[in-house]
Structure formats: structure tokens, C-alpha cells
């Protein structure tokens, strides 16, 4: 039997103009401006500062929220969800763990804390192609010029590493000698999902202590555990997620084990659906991030029996 899971993208999926074609875009962007003081409409429409963590995270989250609103209006049958890094907050919002206004403030504060850490230390992230995560994990233990770890477990042949800038050249050399096809530096401002972000994670937990969360209406598979959230430990896992790896491949594999057969990516870009196919070519996936794709979305959901 077909079983649908929702996917929400993270930082890196942004593009100029994203979300502005959705009917409610001005309402949600005005709400975000009121809560944070950031002029996201200007940033999204012009691209100015859009790639700065402080603007990127909220912009991607809000675009996902706008796309989700359209998806929910179709009343599709879905059985669970996950998000990639920042996208986990979109998933928590979609599952009613946190209301929109509080989610905006939470994402804003998370990005503030993460951006502050990037200013303290020179970090990097890089995609490694052609080696398994197990091989990469073992190889990185031989890097002696600084901290570097696996940050994003994307697919069987793509893993992102993260760490101190001083460690990049050594890591690149070791991985290429081991057989990596490419080691590609990413255009990000810091070493996200690495120990360099631990202080941001600790500060986030202090912030979360004053935030009220609600039991999920649908299972949310977490980045840190690759399993459905345990409500009693959720705040702790949200803190760890800032400085621990995003276990996306393991999450999709666990969801497949739990019977998921189809995945709908909701938000900007088309990042996660292709990764799903690399993890398991038999899985069906669709990306919805532009209002102009609404008829195609309806067709895909109808074809696979998720809406009448």
C-alpha cells in the first residue's frame, strides 16, 4: 500500500523570488517582519543578503510554510515527515509541534546563534562524492590540522564534511587519495553540524526552555536519531541538531522500513527529492515549491491515491 511522507528542505535551497508567487506571501512576510525586524520581502525579491544565515533560514522556512498551506488545502493523506537541518523546523511546524509565530521567532533565534558562532571561528563545509560515509568517517580520524567531521549523510555516494578551515586541505588530500571523485567546498558561512557549533546548540537549549512545544499530530523523523521524535527529549535533540550530523540517508531508510513509498518535498529548490532517488531508486518523489506547479502537484497526488 502507498504511504506518503513529507520532506522539507534546509539552507542552500534558496533562490531569488522564492515563495513570492504564493497567495499569502505578503501576509506571512509581514508577520516575520513584525516579529524579527528583517525585511525578508526585499531580501527574497532582490537576492540582497539572501545567502546570509540570518536571512536564509527564515526565508526558506517561510517559503516552505507557504507551500505547505497550499498542500494542506488539498487535504492529502500523509503518514509522517522529516526535514533537512533547518527543514526540521518546517516539519515540526507542519506537525503542529509549534505555531507559526513562535516558529518564526525560534528560527530567527537559531540563525542568530549560528551566525554568531561563524564569526568566532573560520569554518568550512564540503561535499565529498564517490566514497561511503563509513570510509569518510574513518579517513577523517587521520586529519591532524584541525577538527573535521561528517555533517550531512545525504546519500550512499554523497556526504558533506564540516570543520575548521585549517583542516580542509589535509582532509581533501586524504579523501582524494582514498578514491573520492570530488571534494567540493560549499558556499556557506560556517561549519554547521560540527563541534564548532556546540556553543550555539547549548544557547539554543536555553532559549527552548522558555518555548512551549506540543505533541506532534504526525510522526516527525529527527535528523539526530533518524527516528520519530520522542516528545520527552525533543528540546535536547533540537539543541544537538545544531552541532551533530544530519542523518538524512538513514532517515529515509528508516521511513522505508516503516512502509513509506512516496515522498513530497515542500519548499524552495529541488534538493531532497533527487537525494531520495539516490538512496533508493524505487521510491517515488515530487517537489512542490512554486505555485505554478499546483496542477502538477494535484495530478501527482491523485495518480498515487493521496487525494480524491
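Can you tell me which of 254, 232 is without any contact (Cβ under 8 Å) to a residue 60 or more places away in the chain, in contact with a strand residue (DSSP E or B) (Cβ under 8 Å, 6 or more places away or on another chain), assigned by TED's automatic domain parsing to the domain that holds residue 97 and under 27 Å from residue 151 (Cβ atoms)?
Working: 232 fails: in contact with a strand residue (DSSP E or B) (Cβ under 8 Å, 6 or more places away or on another chain).
After applying the criteria, what remains is 254.
Residue 101 passes every criterion in (1) in a helix (DSSP H, G or I); (2) surrounded by 17 or more Cβ atoms within 10 Å (Cβ to Cβ) apart from (2).
The residue of segment 209-226 that is farthest from residue 259 (Cα to Cα), among those that are buried (at least 17 other Cβ atoms within 10 Å of the Cβ) and without any contact (Cβ under 8 Å) to a residue 40 or more places away in the chain, is 224. Checking 192, 248, 260, 168 one by one, the residue that is in contact with a strand residue (DSSP E or B) (Cβ under 8 Å, 6 or more places away or on another chain), surrounded by 18 or more Cβ atoms within 10 Å (Cβ to Cβ), at pLDDT 95 or above and under 14 Å from residue 83 (Cβ atoms) is 248 and no other. Among all residues of segment 122-137, there is at least one that is buried (at least 17 other Cβ atoms within 10 Å of the Cβ), in a helix (DSSP H, G or I) and either modelled with pLDDT of 95 or more or in contact with a strand residue (DSSP E or B) (Cβ under 6 Å, 6 or more places away or on another chain) (or both). Scanning segment 26-39 for residues that are crowded, with 22+ Cβ neighbours inside 10 Å and without any contact (Cβ under 8 Å) to a residue 60 or more places away in the chain gives a single hit, 29. Note on segment 179-189: among residues that are assigned to a loop (DSSP other than H, G, I, E, B) and at pLDDT 95 or above, the one that is farthest from the chain's Cα centre (by Cα) is 179.
The values are calculated or read from the model by the stated rules, or taken from the named source; none is laboratory data. Worth saying up front: this structure is predicted, and the values here are computed from it rather than measured. Here the Cβ is made from the backbone with ideal geometry for all residues, glycine too, and neighbour counts use every protein chain on show.
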